[in-house]
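The values are calculated or read from the model by the stated rules, or taken from the named source; none is laboratory data. Model, not experiment: these values are computed from the prediction. Here the Cβ positions follow ideal geometry from the backbone for every residue, glycine too, while neighbour counts run over all protein chains shown.
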Amino acid sequence: MSIHPEEEREINDGHFRAKTDNVKNILQILKTMNFRDQANVVLSPSGIKVTVENAKCAQANAFIESDLFQEYEIEEEMVIFKLNLTSWIECLNIFGGGTAGAATPSLKMVYRGHGYPLVLELEEDGVVTDCEIKTEEPEDTLDFDFFSTEVMNKIIMRSECLKEVFTDLDVTSEMVEILMSPDAPYFRVSTFGNYGTSQTEISMESEMVEHFECKQTLKQRYRLSLLKPSIKPLTAALKVSVRMDARGFLCLQFMIRTESHHICFIEYFCCPEEEDSDD
Amino acid sequence: MVRRGVLPASLCGCCRETRDASHYFSERMEESRREDLSRRSPALCWGGEACATRGGEGTGLKQIVIGSLARLAKLCVLRITRTHLYFIINEPGTVHRAPGLWAELDQGHYFSTVTMSGVSEEHNEIFLEFEPDKLSGTLSVFKSNNAAVRNLKIKLAKKLSPCLTLEMQMPSFSEHARTVVHDVPVLPLPRRQWHLYQEPEMPHFTASIYLPPLKKLRHVVERMKNLSSSLTLAANRKGTLVLSVTSDAANVSTYFRNLTMPTWDLEGAASQMDEEQLHSATVEIKKLISFLAGEQIGPCKVICNIVDDRMVHLFLLHDDVILQYFLPATRSS
């Protein structure tokens, strides 16, 4: 550790460099994804993509677009590495996201290339924190191949109602069943717990539903433990889109508005549970 | 037999008020037992009374000091002189290198009346060992309803065993005042152990700096605690303080610049040293957090002295409380 002169240090020669006035924007997004310690990070001209996987059956992706930053430069088309997400979040949170009324902490990120750490510089009220987060070879991530299937049911709704449904899920039920159909009940979430079956239905005519497009009846079961990590981004979101394809894969897409009123997306994929019986 | 030095008020307070005969009888039994005790141990007495208006916030302050003690160690020594109270946490010679704490309070500031007589004329002091979390539980009453406690009396008493008796008068719904009595067991220490609890010397530090507002410092240190168990504190003579941690996943350093420095009139030689050079010591984060968490006293200056690779010395002065905290460097530094 060396001491740096009072004047601003030059961070140059990097493959990637980004700067934002308010670290809370990116911190808020990453915090919702922290159900695992490790994450893959992809840096590209359009923005930053962070991927966290769960037991090879579920995956969360956060898209932080480049226009969220005041400055964003990248020399390569795409840079990928793996890092410790928990440590990254602790560093971003070092000043606690600023006190009410005071200036928010600013953030600078630099990545010089393969093998180099991700370097952060945060500043609030004259206090500066430097962080170096070690990077590793990226892990292979699943490709859910969602867009190639033709049949897809899709519902876009306001997040509040799904939030209620998910947070109230019976924890004694190992499985959660989701049904999406062009006919009644349209959208139904069911659990099968120790004390009974619970079902919640949301009709396509509900005020909460903004877009309803279901071509055929699809019903699938998912492990509750795999769906649980989606509750955090759901809580932070304004709207959520629920999609299911013919194979039964579930894709939840969360639209989140950051403190500086930028829109960011987080998507959450989940594999269905293999069923013996035919539903 | 004349029992020198033991206040008559060491009899249980409620007994004197209710004049309950059977209770008085059992007290008499106790008294005769105590006579045996008093022959064996020195006749010590100490009593202080604080009234709410004067001692009110002061007692709150004392509560905070005791709260810090409770967080730091299981045992603490209270040294009582005619004018001052000293709280000492000191575990010399242990393998685990526990931090040392030395807190000094001016008794006159907190108590309107004080009576005291120590071991002898020559050594007019009392050393008591006690468990701070027992005392902090009692004093937490002040934290919650500061204005409500009208009167506090603390005295050294011999009940079943020596104890500090705290009598607090609280308001109640009826006309009669409610008196709450808490007894905290203490162990008087013999004179041959007193040398273990003497005032520590000011260490020969290489850097000395006023800490930035503790709230901010605390937040940064709490985040760093999640990354590593040791933290390095470094300072130079230009008013820069650096906190840093290292883990497998990340290295983090926080720089506080343009801090003020206390002027000490020692070491003329020190001015020859390079102003920019950082002097550092690595300490256990948990112990640093215990210190930072305790200080909600309000704006006060805390001086941080660093002895290269050996120790961090924190020195807090507020009103009539002086707190010194010695954090030894961890072996890995």
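A count restricted to the stretch A:238-277 and to residues that are closer than 15 Å to A:Ile64 by Cβ and hydrophobic (A, V, I, L, M, F, W, C) stands at 7. When the stretch A:196-239 is filtered for residues that are exposed (fewer than 15 other Cβ atoms within 10 Å of the Cβ), within 14 Å of A:Tyr186 (Cβ to Cβ) and touching a residue at least 60 places away in the same chain (Cβ under 8 Å), the ones remaining, listed by number, are A:Glu213, A:Lys215, A:Gln216. Suppose we filter the stretch B:235-264 for residues that are facing another protein chain (nearest Cβ under 7 Å), of a type in the set (A, V, I, L, M, F, W, C) and not in a strand (DSSP E or B); how many remain? Result for the stretch B:235-264: 1. Look at A:Cys271 and say whether it is farther than 17 Å from A:Met175 by Cα and either hydrophobic (A, V, I, L, M, F, W, C) or not assigned by TED's automatic domain parsing to the domain that holds A:Ser181 (or both). No; evaluated as a whole, the condition is false for this residue. For the stretch B:212-234, a tally of residues being facing another protein chain (nearest Cβ under 9 Å), under 19 Å from B:Ala281 (Cα atoms) and part of a loop (DSSP other than H, G, I, E, B) returns 2. Name the residues in the stretch A:110-165 that are among the acidic types (Asp, Glu), over 20 Å from the mean Cα position of the chain (by Cα) and either away from chain B (no Cβ under 14 Å) or in a strand (DSSP E or B) (or both), would you? Residues satisfying the conditions are A:Glu121, A:Glu123, A:Glu124, A:Asp130, A:Glu132, A:Glu136, A:Glu137, A:Glu150.
Each row is one residue, and each column tells you yes or no for (1) at pLDDT 90 or above; (2) crowded, with 18+ Cβ neighbours inside 10 Å; (3) assigned to a strand (DSSP E or B).
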site: A:Glu7; (1), (2), (3): no, no, no
site: A:Asp13; (1), (2), (3): no, no, no
site: A:Ile26; (1), (2), (3): yes, yes, no
site: A:Thr51; (1), (2), (3): yes, yes, yes
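Among residues of the stretch A:66-85 being in a strand (DSSP E or B) and of a type in the set (A, V, I, L, M), the one that is farthest from the other protein chains (Cβ to nearest Cβ) is A:Ile74. Of the residues making up the stretch A:28-49, just one is part of a loop (DSSP other than H, G, I, E, B) and among the aliphatic types (A, V, I, L, M), namely A:Met33.
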